[in-house]
Amino acid sequence: MNISAQDTTGPASTGEADNYRVVVAEECFDWREMPDSVLHEALDALAEVLQPLADGRTAAFMEPAYDVECRPSVTLVDALYSPDGGLPRDKRALLQQLLGKCRRVEPTEADVPQPVRLAGGLWREPSWGTAHALSRAAAGRAMSCLLMPYAAEPDWPAGWLTVTRAAEAGLDDVTIHVLRLPGDSPGFWRGLLIHENVPAERFFAFVDDAFPRLLFAETLRLHHFKGTYTDVLPWLVDLLGALDDHFARILAECGGDQTQVVRRFSALGLDISPESPNTKKNAKAWEQRNVDYDGGTYRCEWHGKRLWDRDRVHFSLPIAAYEDRILIGIFVEHLAT
């Protein structure tokens, strides 16, 4: 992750040490029913997800996790620090290292687990970690709860969810993200931009994590759109997310057929297109699509538009030198044609 250590976005920020966004739920350490072969796979999967999160500021886990029974009659602290804890030595050492880079949190009264459920689901008592993530989310901070695929309970799907909590004061609905696989991570950072209405001056601090398959020109400025930032932001996140997830793949699947690419994105509710033949014949207009990036110049010959007459995002074809990543080159009201 490349989030700045000075991330103070969100109403619940109380200092750099409290800026973590992901809480590792205790369910991630429940390996009691696993044979050794499956245990090895589970430990590898957990390490793969934690690796980019364990940067000293993005992820946290709860102190009570150390007392969780993770293997039959073995607590997590014994599994991590005792050679007789039942974990392979190399995987134990890696997990020690990764968890050592996560913030350890002592639960407070606000973190006491209360019964929770998804719409129409069964009431369940969450772990301390899940309860803590929900508590921070209820305070207005975009949060993700790490629940590995092998964690059977709670059986929540990955992505953004609305969870109902039951407490003495009554029911309240909390929006939270569930992270189960490494590929779920960009969806969290994209949602964060919307859920916290991240201010324009902080937008680019999140783009590397939210859109890992895109490149961003240093000249991009959000005020170059005609629409207000509040109006543009939801569309911009949707467009960049779709380009990140689909553009290179769809282009390849369509064999470069631009009409088919346009139709596929239209089905996603997005209006993109290549520049017209008339624009390409206009040397001055065509030149406006050239963007400098990292010592090279690339033509951003496709664009997405928010409205038919305003707000364009111009982007390149996949760039082989950057593992087919796409350069987002221009934010503009409208270029010459």
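What the range 278-337 shows is 52 Å² of accessible area per residue, with the surface traced by a 1.4 Å probe over protein heavy atoms.
Among residues other than residue 80 with Cβ under 15 Å from its Cβ, the summed charge is -2 (Lys and Arg +1, Asp and Glu -1).
Beta-bridge orientation, the chain: approximately 65 percent antiparallel, per DSSP, counting only bridges with both partners inside.
Rolling a 1.4 Å probe over the protein heavy atoms of the chain, with every protein chain left in place, gives an accessible area that is 49 percent carbon and sulfur. For the range 222-278, a/c is not less than 1.5, where a ≥ b ≥ c are the root eigenvalues of the C-alpha gyration tensor, and a/b tops b/c. That puts it in the prolate class. By the helix-only formula, in which each DSSP H run with n ≥ 4 contributes -39500 (n - 2.57) and the sum is divided by residues, the chain has a 222 nm mean residue ellipticity of -8500 deg cm²/dmol.
Out of all Cα-Cα pairs in the chain, roughly what percent, to the nearest whole number, are more than 37 Å apart?
Values: 16205 of 56616 pairs.
Roughly 29 percent, once rounded to a whole number.
Comparing mean-square fluctuations of 101, 281, 226 from a GNM of the chain with C-alpha springs under 10 Å, the top value falls on 281. Here's the list of lysines a cross-link from residue 305 could span, going by alpha-carbon distance under 16 Å and ignoring same-chain residues fewer than 8 apart: 226. Relative to the longest principal axis of the Cα atoms of the chain, helix 185-195 runs at roughly 80 degrees. The relative contact order of the chain comes to 14 percent, based on Cα pairs under 8 Å that sit 6 or more residues apart. Cα to Cα, under 17 Å, and not fewer than 8 places away if on the same chain: which lysines meet these conditions relative to residue 284? Within the straight-line cut-off, residue 284 pairs with nothing.
Label the range 173-281 by shape, choosing from rounded, prolate and oblate, from the square roots a ≥ b ≥ c of the eigenvalues of the Cα gyration tensor; if a/c is under 1.5 it is rounded, and otherwise prolate applies when a/b is larger than b/c, oblate when it is not. It is oblate, given that a/c is not under 1.5 and a/b is not larger than b/c. Oblate is the label for the range 268-337, because a/c, from the alpha-carbon gyration tensor with a ≥ b ≥ c as root eigenvalues, is 1.5 or above and a/b does not exceed b/c. Label positions at residue 152 and residue 172, each projected 7 Å from the Cα along the C-beta direction, are separated by 3.2 nm. Each other residue within a Cβ distance under 13 Å of residue 214 adds +1 if Lys or Arg and -1 if Asp or Glu, for a net charge of -3.
The values are calculated or read from the model by the stated rules, or taken from the named source; none is laboratory data. Model, not experiment: these values are computed from the prediction. All Cβ positions, glycine included, derive from the backbone under ideal geometry; neighbour counts span all protein chains shown. When the accessible area is computed, the model is the full protein with side chains, heavy atoms only, and any ligands, DNA or RNA have been set aside. Shrake-Rupley method; radii C 1.70, N 1.55, O 1.52, S 1.80 Å.
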